[in-house]
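Let me begin by presenting the structure, written as structure tokens, before commenting on it.
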Amino acid sequence: MDLYEGLISRRTIHRFRTDPVPDDIIRLMLSAAIQAPNHHLTQPWRFVVIRGQSLQELANYRYEVALDKAQRQNRPHAERIAEQARTEFAMLSVVVAVIQVLADDPYRQQEDYAAVSCATYAMMLAAWSQGVGTYWGTGAITRYPPVLKLCQVADNERIVALVRVGYPKEIPHVPRIAAEDKTLWLT
């Protein structure tokens, strides 16, 4: 698959097969991630590859976060919603936490966030080039204290993404608004 084909065909995967993703593919993803552009070569990222028992812990934390959210929203069947959230993580073979090291300067933090986001996307594109799908997850779980402890997130860091990684069970079709409809050409 060439680069352009990967860019236009990559999709967020919601349903994964249970086949394990080899470590070589994870390493390839991480090697792609660190090539992302970053201002003054700050390289403001680090990664935590979560597998095995640690992934089961993460799945349990996802249950807790989902249950809390469902209960606060007074949703019926909150426990079932939370159990589904846990199962989605428990069935994965790997999740990669993408962590931003926070600079003291707020403007640089913003630049570094952009760089970490680019690194995350590069990682996802590298996975896609190998037939592996991803899901860029954010939300309350990225700030949940037990998850921060599991990923050994320091006070001067934050989780930007919990990237689910696996072989796609299905690839969704997602319509896009044409670039021309989103572009202003100035001359």
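Descriptive notes on the structure:
- Restricting attention to region 36-50, the residues that are surrounded by fewer than 17 Cβ atoms within 10 Å (Cβ to Cβ) and assigned to a loop (DSSP other than H, G, I, E, B) add up to 3.
- Which numbered condition ILE13 fails, given (1) open to solvent by less than 30 Å² (accessible area, probe 1.4 Å); (2) more than 22 Å from GLY166 (Cβ to Cβ): (2)
- Within this structure, ARG86 fails the test of being free of Cβ contacts under 8 Å to residues at least 12 places away in the same chain, under 18 Å from GLU64 (Cα atoms) and basic (Lys, Arg).
- If you go through region 61-82 and pick out every residue that is surrounded by fewer than 15 Cβ atoms within 10 Å (Cβ to Cβ) and assigned to a helix (DSSP H, G or I), you end up with 5.
- Flag: THR87 does not match the condition of being buried (at least 20 other Cβ atoms within 10 Å of the Cβ) and of a type in the set (Ser, Thr, Tyr).
- Residues that are open to solvent by less than 40 Å² (accessible area, probe 1.4 Å) and β-branched (Val, Ile, Thr), drawn from region 21-35: VAL21, ILE25, ILE26
- Members of region 120-156 found to be in a helix (DSSP H, G or I) and open to solvent by 60 Å² or more (accessible area, probe 1.4 Å), listed by number: TYR121, ARG143, PRO145, LYS149
- Listed by first and then second residue, the pairs with beta-carbon distance under 6 Å, at least 6 apart or on different chains, first residue in region 157-176 and assigned to a loop (DSSP other than H, G, I, E, B), second open to solvent by 40 Å² or more (accessible area, probe 1.4 Å) and of a type in the set (Asp, Glu), are TYR167/ASP19.
- Of all the listed residues (ILE177, ILE99), the sole one being hydrophobic (A, V, I, L, M, F, W, C) and open to solvent by 10 Å² or more (accessible area, probe 1.4 Å) is ILE177.
The values are calculated or read from the model by the stated rules, or taken from the named source; none is laboratory data. Remember, predicted model here, so these are calculated numbers, not experimental data. In this analysis, Cβ positions are derived from the backbone assuming ideal geometry, glycine residues included, and neighbour counts consider all displayed protein chains. For accessibility, only protein heavy atoms count, side chains too; no ligands or nucleic acids. Shrake-Rupley method; radii C 1.70, N 1.55, O 1.52, S 1.80 Å.
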